Amino acid sequence: MARDARRVARQRASDPSQRLRADDDRHGADHAAGGRMNRTQVGIVGAGPAGLMLSHMLHLEGIESVIIERAGREHVQGRLRAGVLEHGTVEMLREVGLGGRIASVGLEQHAIDFRFGGESHRIDFHEATGGRSAWVYPQHEVVADLMAARLRAGAEMRFDTPVERIEGIDTARPVLHYAQDGAPRELHCDFVVGCDGFRGISRGAIPPSVLKTCDRVYPFGWLGILAEAAPSTNEVVWGCDEGGFAMQSIRSPSVTRLYLQCEPDENPDNWSDDRIWSELHQRLDVPGMPPINEGRITQKGVTAMRSFQSEPMQHGRLFLAGDAAHIVPPTGAKGLNSAMADVKVLGRALTAYYRRADEGLLARYSQTCLKRMWLVQRFSGGLCTMVHRFSGDSVFARRLKRADLDYMTGTPAGRLQFSENFTGLPVEA
Ligand code: APR
């Protein structure tokens with residue numbers, strides 16, 4: 001790896017205007033595959049937020065990448081997903097020229113309103129952190145912004161093309177195998193990045209003797225609805241009621257997203273509209289605050305919850321980013337933000353490799369991400385446990401959860417700890 005990188009750095013030093021190239025004689029190696037290159041510097045599996053963001057960042061550094069995506073472009077862009085962006089994620093999107101729509105249509109948030117014991121307990125994370133915010137900006141909007149930027153730049157993206165196999169990650173020339181128009185194809189890369197989500201194939205390319213995974217499956221899920229109703233306040237509300245968790249999030253000034261803790265395998269049809277509104281009022285309304293507004297329910301679905309982590313997040317020339325490497329429960333809104341943090345670390349590491357022949361950051365990628373990621377797992381899993389009722393909770397366990405909530409919302413130290421984590425821990429360069 002070092003020898004290759006030094007050669008690239010030498011080429012670049014001798015001709016600084018030269019665009020960075022794959023670290024072999026790529027002009028000789030490239031040839032048409034259905035009119036498309038079959039050689040690139042960074043081969044990216046998956047066009048979710050992680051893959052698109054990495055490709056965009058590399059492009060800004062003059063590093064070539066090709067994205068291969070199993071689904072069609074319309075499907076990728078049509079996946080509707082909620083999202084709360086950390087302060088650092090918004091800064092990152094601004095740095096790469098994609099902050100415009102967040103500023104115009106995103107909703108800046110300064111506080112969360114926790115409701116329990118019949119009272120409202122606000123944590124003003126903006127105040128606690130000296131000015132950090134979170135933004136309600138749905139994930140599909142992030143994907144739309146990234147996709148538009150990639151298309152504007154003429155990016156090489158292959159849709160409706162599942163990667164079937166990854167070979168040679170222990171060598172200097174890993175290869176992605178896929179099929180196009182029924183014919184087998186290969187994409188030869190300097191590096192492969194698995195951004196193919198939890199059910200992708202990349203993680204499985206790491207030898208079982210190396211890859212360790214661990215997880216926690218929670219004994220409940222969330223029934224999520226989208227309602228044509230104005231949010232009752234302009235802040236996200238978490239109801240930590242004895243009867244179970246509930247949340248009011250904001251989609252727009254006239255549309256609210258609401259969640260109710262339910263059984264993990266709950267059939268949404270068991271929940272009539274009346275039952276949903278009655279439970280939401282029970283878990284979210286408190287005296288002195290406006291009750292949640294009811295409206296026509298346009299979407300209803302159940303999400304199961306789990307925490308999952310793979311270690312390491314790299315092997316040879318394969319790197320995992322985003323959901324391919326980790327899953328967090330939605331409490332804390334860390335899924336997309338963690339994917340962005342991985343990509344930031346990896347983008348910088350690949351840039352250091354191609355620009356300065358410095359492979360130190362690449363070698364430490366997994367270590368750097370895991371150090372932060374376990375803090376994120378701790379926060380997401382801890383919060384999930386604290387705010388939900390487990391069916392087997394003893395009286396003692398319930399009293400401890402209430403004490404945790406009292407400490408978190410009622411002391412400066414508790415509020416600061418929540419606020420630092422919620423608005424996003426720093427990403428190590
Ligand atoms: N070949 C090519 N593409 C694949 C393959 C494959 N074999 N397997 C999966 N994919 C694609 C999926 O079709 C999907 O578009 O990889 C993409 C993975 O995208 P995401 O699941 O969105 O994962 P990621 O980019 O890590 O996003 C992280 O977005 O998905 C949410 O909850 C997630 O918040 C998290 C964030």
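The values are calculated or read from the model by the stated rules, or taken from the named source; none is laboratory data. As the structure is a computational prediction, the values presented were derived from the model and not from experiment. Don't worry about glycine lacking a Cβ; one is built from the backbone with ideal geometry, like all the others, and counts go over all protein chains shown. For accessibility, only protein heavy atoms count, side chains too; no ligands or nucleic acids. Shrake-Rupley method; radii C 1.70, N 1.55, O 1.52, S 1.80 Å.
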Where is the GNM fluctuation largest for the chain (alpha-carbon springs, 10 angstrom cutoff): 263, 74, 294? 74
Take the Cα atoms of the range 229-312, find their three principal axes, and give me the spread along each one in whole Å, biggest first. 47, 30, 27
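In what sequence, highest mean first, do 252-258, 43-49 appear when ranked by Cβ atoms within 10 angstrom? Write down the numbers at each step before the final one.
Working: 252-258: 17.3, 43-49: 28.3.
Final packing ranking: 43-49, 252-258.
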Under the 0.36 nm per residue contour assumption, what length would be gained going from the current alpha-carbon distance of residue 363 and residue 91 to full extension? 95.3 nm
Tell me the carbon and sulfur percent of the accessible area for the range 290-429, rounded to whole percent, probe radius 1.4 Å. 56 percent
From the square roots a ≥ b ≥ c of the eigenvalues of the alpha-carbon gyration tensor of the range 44-111, which class results: rounded (a/c under 1.5), prolate (a/b over b/c), or oblate? oblate
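What FRET efficiency comes out for the pair residue 103/residue 152, r = Cβ-Cβ distance, R0 = 25 Å, nearest 0.05?
Approximately 0.85, to the nearest 0.05.
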Given R₀ = 35 Å, FRET efficiency for residue 281-residue 60 by Cβ-Cβ distance, to 0.05? 0.10
Given unit charges at Cβ for Lys, Arg (+) and Asp, Glu (-), the dipole magnitude of the chain about its Cα centre in debye, nearest 20, is 1080 debye
Round to the nearest 10 and give me the degree value, 0 to 90, for the angle of helix 49-60's Cα axis relative to the longest principal axis of the chain. 40 degrees
Heavy-atom accessible area per residue, the chain, 1.4 Å probe: how many Å²? 42 Å²
Just to be sure I understand the curve: with the Debye formula and one point per C-alpha of the range 160-214, what is log10 I(q)/I(0) at q = 0.18, 0.21, 0.22, 0.32 Å⁻¹? -0.64, -0.84, -0.90, -1.36
Counting all Cα-Cα pairs in the chain, those more than 36 Å apart amount in percent to 30 percent
Lys pairs in the chain with Cα under 17 Å (8 or more apart in sequence, or on separate chains) total 4
Accessible area (Å², 1.4 Å probe, nearest 10) - residue 262: 10 Å²
Which value at 222 nm does the chain reach when only helices count, each DSSP H run of 4 or more adding -39,500 (n - 2.57), with the total divided by all residues and rounded to the nearest 500 deg cm²/dmol? -11000 deg cm²/dmol
Rg over Rh, two decimals, the range 316-358 (C-alpha only, Kirkwood Rh): 1.10
Among DSSP beta bridges lying fully in the chain, give the percent that are antiparallel, nearest 5. 75 percent
Nitroxide proxy distance, nm - points 7 Å out along Cα→Cβ at residue 413 and residue 254: 4.9 nm
If R0 is 51 Å, what FRET efficiency do you get for residue 402 and residue 183 from their C-beta distance, rounded to 0.05? 0.25
Measure nothing fancy, just the Cα-based angle from helix 273-284's long axis to the longest principal axis of the chain, in degrees from 0 to 90, nearest 10. 80 degrees
At a 10 angstrom cut-off on C-beta neighbours, averaged per residue, how do the peptides 407-415, 107-115, 304-312 rank from highest to lowest? 107-115, 304-312, 407-415
Over the range 97-147, calculate the relative contact order: mean separation of alpha carbon pairs under 8 Å at least 6 apart, over the residue count, as a percent. 37 percent
Based on alpha-carbon centroids, what's the gap between the range 286-305 and the range 141-186 in Å, whole number please? 39 Å
Which order do the peptides 297-303, 390-396, 54-60 take when ranked by the mean count of other beta-carbon atoms within 10 Å per residue, highest first? 54-60, 297-303, 390-396
Using only Cα atoms and rounding to the nearest 10 degrees, what angle (0 to 90) does helix 365-387 make with the longest principal axis of the chain? 20 degrees
Find how much the distance from residue 378 to residue 211 grows on full extension, using 0.36 nm per residue of separation minus their present alpha carbon separation; answer in nm with one decimal. 58.0 nm
